[in-house]
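Some notes on the structure that comes next.
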Amino acid sequence: MAKRLRAVALLLVISAAVLAAACGVKSNPTPSSRLVPATPANVVLKPTGQGMLVSFGIPAAPSPSRAVEQIKIYYGYLPLTGDPACPPCPPRLRKFYSFELQKGKSKVDPMEGGRFSYLDTAAPMNMEAVYQVVLVDASGRVSQPSSLVRKPRLLPAAAPLNAKATSGDNEVILAWDEVKVSAQGQVLKDVSGYIVVRKGPEGAKQLNERPLTMAMLKDQTVVNGKKYSYQVFAVRAFRDQHLPGHGSEWVHAEPKDAKPPAAPSDLAGASAKDGIYLRYTPSPDRDVSGYHVYRKTKGGPWAKISESLVVENVFVDKDVKPEKIYYYRVQAVDEAGNISQFSEVLDIVHLP
């Protein structure tokens, strides 16, 4: 009997434990594959005079245990013709550079993430550098490797000489000397063209996606009255890549409105005791800043009698003599200083 009671009691304890576990609401465990650091993306290579600059983003961490604390940059250098053993095969990278990220000691905060950069000074000239990035977090979890990124490090083309910028009306025309040598003076046969970088009110931008085949560019995306600066780079072709060399001297331009405004019209006048009153229909152009009034006597030369720009469509000439005939005409001036044609000529006798 006692044994039977103990068995029943044990069964009740087990049942209570099962019920207690069933009463709690628990979510499914997070797969371990979702806890590893994100695969490095946007790995960018930039050849420089000192080596190959490698940069990529580090993800921010939701908790200290998931913060990236180690970076491994796998690398390899191939002839420009590819791997001699297997030119079309992707290279197998075995060597790597290792970096430790520590809060307060690294430019990139492991918790906040950021962009990591490394200058590989060992990348040889006239070879193709290949890289792949792996991230390791504080718990030792390893990310999937990034895509292979590769770029040749070639002798840079020389800077284009004699770059000039000519300002026009809503356009800037650029011209420069052709580039046929490297910065070290070696003859190049693979210069594929030129790219142009512009700085303006909207910031810096590259104007052309594909290299220009001619040593000139007409930029018609500018705005009159704004200031712009330009720099030109010759590029060398390698497979489907175009590698910029040294930049030209910056040249500057400020396009201006070159179109004269329409002339004022319907010039009319009336004589009064204090002078001759002139009235005219203003120029229809919106950027007109004022008018100049010209006068002459019979047989005499035209002379401007408005000391400053007349901003209204009325002008009073007080320097007149009774019973003398005067001739008048008016000219419009816009904000860029362009001058219109003259209005029709008005002749009037001053009879106060």
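The values are calculated or read from the model by the stated rules, or taken from the named source; none is laboratory data. Small disclaimer: the values here were computed from a predicted structure and weren't measured. Glycine also receives a Cβ, built like all others from the backbone with ideal geometry; neighbour counts cover every protein chain displayed.
Using the structure shown, decide if Pro211 is within 30 Å of Gly76 (Cβ to Cβ), at pLDDT 95 or above and outside the structural domain of Pro40 (by TED's automatic domain parsing). Yes, satisfied. When restricted to residues that are polar (S, T, N, Q), in contact with a Ser or Thr (Cβ under 7 Å, 6 or more places away or on another chain) and not in a strand (DSSP E or B), region 118-154 contains 4. You will find that of Arg66, Arg92, the residue that is among the basic types (Lys, Arg), in the same structural domain as Leu119 (by TED's automatic domain parsing), free of Cβ contacts under 8 Å to residues at least 24 places away in the same chain and more than 27 Å from Ala183 (Cα to Cα) is Arg92 and no other.
Residues that are basic (Lys, Arg) and farther than 18 Å from Val54 by Cα within region 146-170 comprise just one, Lys164. Looking only at residues in region 139-148 that are surrounded by fewer than 17 Cβ atoms within 10 Å (Cβ to Cβ) and in contact (Cβ under 8 Å) with a residue 24 or more places away in the chain, the one that is farthest from the chain's Cα centre (by Cα) is Ser139. Can you name every residue in region 58-87 that is outside any loop (DSSP other than H, G, I, E, B) and more than 16 Å from Val36 (Cβ to Cβ)? Ile73, Tyr74, Tyr75, Gly76, Tyr77, Leu78 - these are the residues of region 58-87 that are outside any loop (DSSP other than H, G, I, E, B) and more than 16 Å from Val36 (Cβ to Cβ). Of all the listed residues (Lys226, Lys205), the sole one being within 21 Å of the chain's Cα centre (by Cα), without any contact (Cβ under 8 Å) to a residue 12 or more places away in the chain and surrounded by fewer than 15 Cβ atoms within 10 Å (Cβ to Cβ) is Lys205. Just checking, does region 189-205 include any residue being under 20 Å from Pro152 (Cβ atoms) and charged (D, E, K, R)? Scanning region 189-205 turns up at least one residue that is under 20 Å from Pro152 (Cβ atoms) and charged (D, E, K, R). Hey, does region 164-175 have a residue that's among the aliphatic types (A, V, I, L, M), closer than 30 Å to Lys259 by Cα and surrounded by fewer than 19 Cβ atoms within 10 Å (Cβ to Cβ)? Yes, some residue in region 164-175 is among the aliphatic types (A, V, I, L, M), closer than 30 Å to Lys259 by Cα and surrounded by fewer than 19 Cβ atoms within 10 Å (Cβ to Cβ). Could you say whether any residue in region 105-117 is in contact (Cβ under 8 Å) with a residue 40 or more places away in the chain, at positive phi and crowded, with 18+ Cβ neighbours inside 10 Å? No, region 105-117 contains no residue that is in contact (Cβ under 8 Å) with a residue 40 or more places away in the chain, at positive phi and crowded, with 18+ Cβ neighbours inside 10 Å. Here the strands (runs of 3 or more DSSP E) wholly within region 155-265 that include at least 1 residues being among the β-branched types (Val, Ile, Thr) and more than 30 Å from Ser289 (Cβ to Cβ) are 191-200, 228-238.
When region 27-52 is limited to residues that are within 37 Å of the chain's Cα centre (by Cα) and more than 22 Å from Tyr74 (Cα to Cα), the one that is modelled with the highest pLDDT turns out to be Leu35.
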